[in-house]
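Below is one structure; the comments refer to it alone.
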Amino acid sequence: MEKLKMHTPDLSQDNIAKIRELFPGCVTEAKDETTGKIRLAVDFDQLRQELSDSIVEGPQERYRLDWPGKREALALANAPIAKTLRPCREESVDFDTTKNLFIEGDNLEVLKVLQGSYLGQVKLIYIDPPYNTGRDFIYDDDFSENSESYLLESRQVDEQGSRLVANTEANGRFHSDWLSMIYPRLRLAKNLLKDDGVIFVSIDDNEVDNLRKACSEVFGEDNFVAQIIWQKVFAPKNSARWFSEDHDYILVYAKNGDTWTPEMLPQTEEMLARYKNPDNDPRGPWTSGDLAARNRYDAGLYPLTCPSGRVIEGPPKGSYWRFSKETFDKLNADGRIWWGTDGNNMPRLKRFLSEVKQGRVPQTIWPYAEVGHTQDAKKSLLKYVQFEHTENVLNSVKPVELLQRVLQLTSKPNDNDIVLDFFSGSATTAHAVLKQNAEDGGNRRFIGVQVAEPLPRPEPDMATIFGMGQKRIRNVAKELRESDVQLDLGFRVLKVDTSNMKDIYYRPDELSQGDLLEAVDNVKPDRTPEDLLFQVLVDWGVDLTLPIRRESLQGKTVFFVDDNALVACFDTGITEDLVKELAKHEPLRMVFRDNGFVSDAVKINVEQIFRQLSPSTEVRSL
């Protein structure tokens, strides 16, 4: 039910709407100087041109994508943030050994945090962002608040300061908000792609044009690969206003379009059935093709004699043999010309299954019969996640088969490829990675990122969409374990949070004795040694899924990441003997807590000890 507006009409907006009816190209979007919100506005230069029979002087024209807020979106992509990732063992599966990640948090923050660890490391990015339909959510990217307001925001969903702001029907007509949301995320995502990486983005008609322009600007127009049409419904919508919308799009952009090529798809049974071997050729099954073509080829005009003795005066009228007489004779001598079972037919060229590409070239139309439809997607979700409240079932979920098709085109089974989805939702991408690995024995890894968006009504065992995705993958993994597949079926859960280090900003004349004593320990009191370890991994740009081993040495807890790739000890009271013992492991990197040493003398001697016992080790403190 719509609410009464309780105010007089906005006559200026009404007048703009009237102008839009007459001159739609003269109405654009602009930011209101008073409220900062996006409103319809008249492009008076364009309107003057529409009303003139000669060229009107105006600003310099150039081809570009522009909208109110673009500069802010670009600045947002480049702005640093003081955030980290905190491990959550209790929500993880096989935490110490898995190569898969689930990350809870605003995906813009996560993409920034991942820049060090996964720069140029991701083979495939698939995202299914909000479609800007007026019924979904867009991200409110304001990271200027302090930690207290951030924590407050992260637990609310409203229009007065929440992490997510509803993109209402009233505001849904504006493209600017949506572009300001997606643009910085695309820029950061590009940095993560490998040189042979590729991104697939699902979208519908509402924003496909703007998304393509934005992607062309971010990834380069030359790196556009395809605009795939996915047939998403199996029956027309009779309630449609104009046409039944039966499809969505998937835009594909490569990091480097000159070198990227898709993998071949498996041949269908129908394709394989075309290959037969009626003459028992030892080279195996074959199919045949026409030897004549309409392209002019002067050397392709000559008579032929069939094995039966019949003379063929030449190719059909208006066509030419594809080969010269010399080449034809060589092919015939090699048994590559088929004259029919009685040796009296028009000749055809044999093409052997063993010699053609072992697969089929992907096409830009994907029917639901091959990759599933929306009802298939919903059934799959309900199979692995049970809901007490039907309003919690996502309507925009994609079929697992659709994502498997994407994986088949972009990755080989055993290349250890990383697959990133930073609009993870119900974790369909992660599901597809596990299922595809199970089918072809692959070792693909997934990173799923999802903001802690509450469900419309809390379920007994989950309250957020992030929790829904976790539950789905747990149950998928359980099913695969029962089939005795040897796969990585775990995931390591990390959550975005403020830095582990205290915010200490004091003017010298404001410092007290207590402030100085508190500043000695610069770590927040609620943070664990493992929290500190993951901040070190993030800051040092280390893979966040490397195996972690915890040992006790001389009564202190020591973390060994990937054996000796990184060793860390955040306990206090560290002695020179312990430092020497750690140096004997010859780690690539070594980290201590800055105030963790038993004395200043030990702290001073640390670098000297490592120079003697492990000179290649990088030693740092926090």
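The values are calculated or read from the model by the stated rules, or taken from the named source; none is laboratory data. What you see is a predicted model; the values in this text were computed from it and never measured. Here the Cβ is made from the backbone with ideal geometry for all residues, glycine too, and neighbour counts use every protein chain on show.
Flag: Ile55 matches the condition of being more than 30 Å from Gly541 (Cβ to Cβ), at pLDDT below 80 and of a type in the set (A, V, I, L, M). Count of the stretch 234-254 residues, restricted to those that are free of Cβ contacts under 8 Å to residues at least 12 places away in the same chain and either surrounded by 11 or more Cβ atoms within 10 Å (Cβ to Cβ) or acidic (Asp, Glu) (or both), is 3.
When residues in the stretch 559-595 are screened for being farther than 17 Å from Glu618 by Cβ and either touching a residue at least 60 places away in the same chain (Cβ under 8 Å) or touching a Cys at 6+ places or on another chain (Cβ under 7 Å) (or both), 1 of them pass.
Would you call Arg360 under 42 Å from the mean Cα position of the chain (by Cα) and either basic (Lys, Arg) or surrounded by 15 or more Cβ atoms within 10 Å (Cβ to Cβ) (or both)? It is true that Arg360 is under 42 Å from the mean Cα position of the chain (by Cα) and either basic (Lys, Arg) or surrounded by 15 or more Cβ atoms within 10 Å (Cβ to Cβ) (or both).
Residues that are modelled with pLDDT of 95 or more and β-branched (Val, Ile, Thr) do not occur anywhere in the stretch 343-363. Checking each residue in the stretch 187-204 for being over 17 Å from Ile418 (Cα atoms) and in contact with a strand residue (DSSP E or B) (Cβ under 8 Å, 6 or more places away or on another chain) picks out Ser202, Ile203, Asp204.
Here's the yes/no breakdown for (1) among the β-branched types (Val, Ile, Thr); (2) more than 16 Å from the chain's Cα centre (by Cα); (3) outside the structural domain of Thr98 (by TED's automatic domain parsing); (4) under 27 Å from Met181 (Cβ atoms):
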position: Val406; (1), (2), (3), (4): yes, no, no, yes
position: Asn414; (1), (2), (3), (4): no, yes, no, no
position: Ile418; (1), (2), (3), (4): yes, no, no, yes
position: His431; (1), (2), (3), (4): no, no, no, yes
position: Ala438; (1), (2), (3), (4): no, yes, no, no
position: Ala452; (1), (2), (3), (4): no, yes, no, yes
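State whether the residues of the stretch 375-393 include one that is of a type in the set (Gly, Ala, Ser), part of a loop (DSSP other than H, G, I, E, B) and in the same structural domain as Asp248 (by TED's automatic domain parsing). Looking through the stretch 375-393, none of the residues is of a type in the set (Gly, Ala, Ser), part of a loop (DSSP other than H, G, I, E, B) and in the same structural domain as Asp248 (by TED's automatic domain parsing).
Of the listed requirements (1) hydrophobic (A, V, I, L, M, F, W, C); (2) in contact with a Lys or Arg (Cβ under 6 Å, 6 or more places away or on another chain); (3) modelled with pLDDT of 95 or more, Ala432 misses just one: (2).
The set of residues from the stretch 473-492 being surrounded by fewer than 21 Cβ atoms within 10 Å (Cβ to Cβ) and under 18 Å from Leu420 (Cβ atoms) comprises Asp488, Gly490. Any residue at all in the stretch 596-617 that's in contact (Cβ under 8 Å) with a residue 40 or more places away in the chain and surrounded by 15 or more Cβ atoms within 10 Å (Cβ to Cβ)? No: the stretch 596-617 contains no residue that is in contact (Cβ under 8 Å) with a residue 40 or more places away in the chain and surrounded by 15 or more Cβ atoms within 10 Å (Cβ to Cβ). Which one is surrounded by the most Cβ atoms within 10 Å (Cβ to Cβ) among residues in the stretch 195-233 that are part of a strand (DSSP E or B) and among the charged types (D, E, K, R)? Checked the stretch 195-233; the qualifying residue surrounded by the most Cβ atoms within 10 Å (Cβ to Cβ) is Asp196. Of all residues in the stretch 164-198 being of a type in the set (Ser, Thr, Tyr) and farther than 19 Å from Gln227 by Cα, which is modelled with the highest pLDDT? Once the filter is applied, the top-ranked residue is Ser180.
Residues in the stretch 199-228 that are within 16 Å of Ile182 (Cα to Cα) and either β-branched (Val, Ile, Thr) or in contact with a Ser or Thr (Cβ under 7 Å, 6 or more places away or on another chain) (or both) were compared, and the one that is modelled with the lowest pLDDT is Asn206.
For the stretch 517-539, the criterion of being part of a helix (DSSP H, G or I), touching a residue at least 60 places away in the same chain (Cβ under 8 Å), of a type in the set (Phe, Trp, Tyr) and buried (at least 16 other Cβ atoms within 10 Å of the Cβ) is satisfied by at least one residue. Among the residues of the stretch 255-265, the ones that are in contact (Cβ under 8 Å) with a residue 40 or more places away in the chain and either surrounded by 11 or more Cβ atoms within 10 Å (Cβ to Cβ) or in contact with a Pro (Cβ under 8 Å, 6 or more places away or on another chain) (or both) come to 7 in all. For the stretch 66-109, the set of residues classified as outside any loop (DSSP other than H, G, I, E, B), farther than 17 Å from Leu544 by Cα and either in contact with a strand residue (DSSP E or B) (Cβ under 7 Å, 6 or more places away or on another chain) or touching a residue at least 40 places away in the same chain (Cβ under 8 Å) (or both) consists of Lys70, Glu72, Ala73, Leu74, Leu76, Ala77, Leu108, listed by residue number.
Only a single criterion out of (1) at pLDDT below 95; (2) touching an Asp or Glu at 6+ places or on another chain (Cβ under 7 Å) is not satisfied by Leu124, namely (1).
One line per residue, one yes/no per condition, for (1) buried (at least 16 other Cβ atoms within 10 Å of the Cβ); (2) of a type in the set (Val, Ile, Thr):
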position	(1), (2)
Leu544	yes, no
Ile548	yes, yes
Gln554	no, no
Asp563	no, no
Asp577	no, no
Leu582	yes, no
Val591	yes, yes
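Filtered by the rule that a residue be assigned by TED's automatic domain parsing to the domain that holds Arg187, in a loop (DSSP other than H, G, I, E, B) and touching a Phe, Trp or Tyr at 6+ places or on another chain (Cβ under 9 Å), the stretch 247-293 gives Lys255, Gly257.
This table checks each residue for (1) in the same structural domain as Ser202 (by TED's automatic domain parsing); (2) β-branched (Val, Ile, Thr); (3) assigned to a strand (DSSP E or B); (4) surrounded by fewer than 12 Cβ atoms within 10 Å (Cβ to Cβ).
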| site | (1), (2), (3), (4) |
| --- | --- |
| Ala299 | no, no, no, no |
| Lys317 | no, no, no, yes |
| Asn332 | no, no, no, no |
| Gly340 | no, no, no, no |
| Met346 | no, no, no, no |
| Arg351 | no, no, yes, no |
| Glu370 | yes, no, no, no |
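Scanning the stretch 110-130 for residues that are assigned to a loop (DSSP other than H, G, I, E, B) and over 15 Å from the mean Cα position of the chain (by Cα) gives Gly116, Ser117.
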